[in-house]
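Report on the following structure.
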Amino acid sequence: MGRFETVAVYIMTDRRYGVLYTGVTAYFLKRIARHRAGEGSQFTAKYNCKILVWYELHEDISVAIQREKSIKRYARQWKINLIEAENPDWLDLWEQVRPQPLPGERRSIDEIRRGLRDDRGDER
């Protein structure tokens, strides 16, 4: 995977059968946390797409980008079928993937939303 953290294609929504947003990222957890905080993109903020309903991890960013482009070309019903094949109840998958603090570790809400930064301000 090289210099990337976690490469993924994902779909966010505002509710079951609601607005669908398809995205790709090399920093999956941080990107989803930002969407949930209303900072991920203008589209997700405008349409309140904060629920992660589908994702697919990839080893290669170029493959992930191609997959995202393919999904965006597909009809809405195809995307709904993709979601429901793995997540029929449209549950928010964030609870399954979000980072958990280590025993005894404390994090502020701001740190969780934005991702931890080292002393130079670089993302870990």
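The values are calculated or read from the model by the stated rules, or taken from the named source; none is laboratory data. Predicted model only: the values in this text are computed from it and were never measured. Cβ coordinates were reconstructed from backbone atoms using ideal geometry, including for glycine residues, and neighbour counts include every protein chain displayed.
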Problem set entry | Given (1) touching a residue at least 40 places away in the same chain (Cβ under 8 Å); (2) not in a helix (DSSP H, G or I), number of the condition Gly40 does not satisfy | (1)
Exercise. Is it the case that Tyr21 is assigned to a strand (DSSP E or B), at pLDDT 95 or above and not acidic (Asp, Glu)?
Worked result: yes
Seminar exercise, completed: Expected single match for hydrophobic (A, V, I, L, M, F, W, C), modelled with pLDDT under 95 and on the phi < 0 side of the Ramachandran plot among Trp78, Trp94 is Trp94
Seminar exercise, completed: Those residues of region 73-103 which are assigned to a helix (DSSP H, G or I), under 13 Å from Ile11 (Cβ atoms) and of a type in the set (S, T, N, Q) amount to Asn81
Problem set entry | Residue ID - farthest from the chain's Cα centre (by Cα), chosen from residues in region 43-72 that are closer than 20 Å to Tyr17 by Cα and part of a loop (DSSP other than H, G, I, E, B) | Tyr47
For this session: Give region 11-20 a look and list any residue that's crowded, with 21+ Cβ neighbours inside 10 Å and either without any contact (Cβ under 8 Å) to a residue 12 or more places away in the chain or among the hydroxyl-bearing types (Ser, Thr, Tyr) (or both), or say none.
Result: Thr13
